[in-house]
Amino acid sequence: MFTGIIEDRGRVVAIRPQGTNITFELESRLAPELRIDQSVAHNGVCLTVVALSGDRYQVTAIEETLKKTNLGQLQTGSWVNLERCMPANGRFDGHFVQGHVDETATCTGIQQQEGSWLFDFEYSAQSPNITIEKGSITINGVSLTCFNSDENRFRVAIIPYTFAHTTFEHLQLGDTVNLEFDVIGKYLQKIIHNQKIFRT
């Protein structure tokens, strides 16, 4: 379980294809504190640490993960948002984040304002997922609040601290991001969908 509060940005230093999987080697100040088998969210994707060496560590993404997220687009030198799993005695500062990406979206707008940035995103019009005004959304692992919520698009506001300490600093128009929709909303949507089927 995660909260969407990013701890650090990791830099991809090596990419090693292994059949249909890819092993990523990353450099991060968190590496000395990690352990083998630990879960770490990478741009919101929960992956298991498989190797450690100094300030570097390795994780492996399977084909299914690569198809459904933006991890397959990473290159050597790419930056990734990192969050370790939440400790049982920790504060819950963000929202319930599972580390299971639902789909990707495209960045369709970036506006700089006085002291903040506005980012617009659009996802598939055929998607069953929804956002609501002032509801929670996870973008590349970052817990954020939606507004200007529409059928398959929404906007978020980024404060200077978040901009400087996450990969939003590097995000450009047309870039692909990972989305994890609010888990409570997904359960409610499933219940409503099943009720409609039952009635028909």
Taking every C-alpha to C-alpha distance in the range 8-84 and binning by 5 Å from 0, the per-bin percentages run 3, 17, 33, 30, 14, 4, 0
Sorted by chain and number, the residues with a modelled amide H under 5 Å from that of Val13, at a separation of 5 or more or across chains, are Glu25, Leu26, Glu27, Gly77
Expected sort for 40-49, 160-169 on mean C-beta neighbours within 10 Å, highest first, is 40-49, 160-169
So the number of lysine pairs in the chain with alpha-carbon atoms under 24 angstrom apart, 8 or more residues apart or on different chains, is 7
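In debye to the nearest 20, how big a dipole does the range 123-200 give about its Cα centre with +1 on each Lys and Arg Cβ and -1 on each Asp and Glu Cβ?
420
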The Cα radius of gyration of the range 103-199, divided by 2.2 N^0.38 Å with N its residue count, comes to 1.15
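If you place +1 on the Cβ of every Lys and Arg and -1 on the Cβ of every Asp and Glu, how big does the dipole about the Cα centre of the range 8-84 come out, in debye to the nearest 20?
Working: 9 positive and 9 negative charges, 22 e Å.
With Lys and Arg at +1 and Asp and Glu at -1, about 100 debye.
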Along the dipole axis of the chain (charges at Cβ: +1 for Lys and Arg, -1 for Asp and Glu; origin at the Cα centre), the most positive-end residue among Leu188, Ala14, Val59 is Leu188
To the nearest 20 debye, the chain has a Cα-centred charge dipole, built from +1 on Lys and Arg Cβ and -1 on Asp and Glu Cβ, of 440
Extension length gain for Asn194 and Ile15 (0.36 nm per residue less Cα distance), in nm, is 60.2 nm
Unit-weight point scatterers at every alpha-carbon of the range 47-131, Debye formula, q = 0.14, 0.18, 0.23, 0.24 1/Å: log10 I(q)/I(0) is -0.79, -1.20, -1.36, -1.36
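Evaluate the relative contact order of the range 103-199 (contact order divided by residue number), counting alpha-carbon pairs under 8 angstrom at least 6 apart; express in whole percent. Intermediate results must be reported in sequence, preceding the final value.
Working: 163 pairs, mean separation 32.0, N = 97.
Across the range 103-199, relative contact order equals 33 percent.
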Reviewing [x] 158; [y] 139; [z] 104, the figure for volume of the Cα convex hull per residue in Å³ actually calculated from this model sits under [y]
From DSSP H assignment alone, runs of 4+ in the chain each adding -39500 (n - 2.57), the sum over residues rounded to the nearest 500 puts [θ] at 222 nm at -4000 deg cm²/dmol
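Here, each number is a calculation from the coordinates, and none is a lab measurement. Everything numeric here is computed off the predicted structure, so don't read it as measured data. FYI the Cβ positions are ideal-geometry reconstructions off the backbone, even for glycines, and counts take in every protein chain you see.
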